[in-house]
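Asker: Here it is, the structure in full.
The values are calculated or read from the model by the stated rules, or taken from the named source; none is laboratory data. Just so we're clear, the structure is a prediction, and the values are computed from it rather than from any experiment. Glycine also receives a Cβ, built like all others from the backbone with ideal geometry; neighbour counts cover every protein chain displayed.
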Amino acid sequence: MKRPGVIVIAVLGALLAGLLIYGLVQRQDKRNLDAAVRDGKRPPAPDQVLPVLGGNGRTASLASYRGKVVVLNFWASWCSPCRQEAPMLAKFQRTLAPQGTILGVTYKDEPSASLNFARKYGLTYPSLFDGKLQMAPKYGTTALPETFVIDRRGRIVALSRGEVTRPFLEQAVAEAEKS
């Protein structure tokens, strides 16, 4: 007869192995996108239909902006670096329109907090609400902010995992406009 301690150790070992496998699978998208962009490839940008933040039931997706350069920015109201970059992104949107847009995607945030954040920082660009994390994992997003510059054909040209800078955006958008 097996001792209860052996069974507990076996169960814990199986759980640990499962968590390790889960972690590796979650990081795979991030590594694949990062490596492809670093190697000069332009992988297709993952897409998902999501509710428009403050859109009264309207939905949109990245495909809604096909034909424009899109700066896809994952953010949340509770994210300190997101608060730091928000005023710059608001200004950059004015220079980017009409040939492109910033498209925000909220991450683990409450809609009311996200709307207050957008008002506070004067965000005039659209944002999608990813309340069920349907889009962020496709980009390997696990920390905020993260920004992806997408060309007119829906391919990722550049990415920044962390607070984004205006020089990065200017260079990446210029590259995206070439296609």
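Asker: Is it true that some residue in segment 44-60 is within 16 Å of residue 148 (Cβ to Cβ) and aliphatic (A, V, I, L, M)?
Answerer: yes
Asker: Looking for something in a strand (DSSP E or B), crowded, with 21+ Cβ neighbours inside 10 Å and touching a residue at least 40 places away in the same chain (Cβ under 8 Å) - is there at least one such residue anywhere in segment 44-51?
Answerer: The answer is yes; a qualifying residue exists.
Asker: Considering each residue of segment 100-114, count those that are of a type outside the set (D, E, K, R), out of contact with any Leu (no Cβ under 7 Å at 6 or more places or on another chain) and not in a strand (DSSP E or B), and give that number.
Answerer: Total satisfying the criteria: 2.
Asker: Residue 117 - would you say it is in contact (Cβ under 8 Å) with a residue 24 or more places away in the chain and either buried (at least 22 other Cβ atoms within 10 Å of the Cβ) or assigned to a loop (DSSP other than H, G, I, E, B) (or both)?
Answerer: yes
Asker: Now for a different question. Could you tell me which numbered condition residue 107 fails, if it satisfies all but one of (1) in contact with a helix residue (DSSP H, G or I) (Cβ under 7 Å, 6 or more places away or on another chain); (2) surrounded by fewer than 23 Cβ atoms within 10 Å (Cβ to Cβ); (3) not basic (Lys, Arg)?
Answerer: Tallying (1) in contact with a helix residue (DSSP H, G or I) (Cβ under 7 Å, 6 or more places away or on another chain); (2) surrounded by fewer than 23 Cβ atoms within 10 Å (Cβ to Cβ); (3) not basic (Lys, Arg), residue 107 fails exactly one: (2).
Asker: Of the numbered conditions (1) within 17 Å of the chain's Cα centre (by Cα); (2) at pLDDT below 95; (3) surrounded by fewer than 19 Cβ atoms within 10 Å (Cβ to Cβ); (4) not aromatic (Phe, Trp, Tyr), residue 55 satisfies every one except a single condition; which is it?
Answerer: (1)
Asker: Only residues that are in a loop (DSSP other than H, G, I, E, B) and in contact (Cβ under 8 Å) with a residue 12 or more places away in the chain: list them for segment 56-91, please.
Answerer: 61, 66, 67, 68, 76, 77, 78, 79
Asker: Please determine whether any residue of segment 140-148 is touching a strand residue (DSSP E or B) at 6+ places or on another chain (Cβ under 9 Å) and farther than 20 Å from residue 36 by Cβ.
Answerer: Yes; the residues of segment 140-148 include at least one that is touching a strand residue (DSSP E or B) at 6+ places or on another chain (Cβ under 9 Å) and farther than 20 Å from residue 36 by Cβ.
Asker: I need the full set of residues from segment 135-179 which are acidic (Asp, Glu), closer than 16 Å to residue 102 by Cβ and surrounded by fewer than 21 Cβ atoms within 10 Å (Cβ to Cβ), in order please.
Answerer: Residues satisfying the conditions are 163, 170, 177.
Asker: On the basis of being buried (at least 21 other Cβ atoms within 10 Å of the Cβ) and small (Gly, Ala, Ser), does residue 127 make the cut?
Answerer: For residue 127, the condition - buried (at least 21 other Cβ atoms within 10 Å of the Cβ) and small (Gly, Ala, Ser) - is met.
Asker: Six or more apart or on different chains, Cβ atoms under 8 Å: show the pairs whose first residue is in segment 120-139 and at positive phi and whose second is surrounded by fewer than 20 Cβ atoms within 10 Å (Cβ to Cβ) and aliphatic (A, V, I, L, M).
Answerer: 122/90
Asker: Could we say that residue 157 is under 11 Å from the mean Cα position of the chain (by Cα) and among the β-branched types (Val, Ile, Thr) here?
Answerer: Criteria not met by residue 157.
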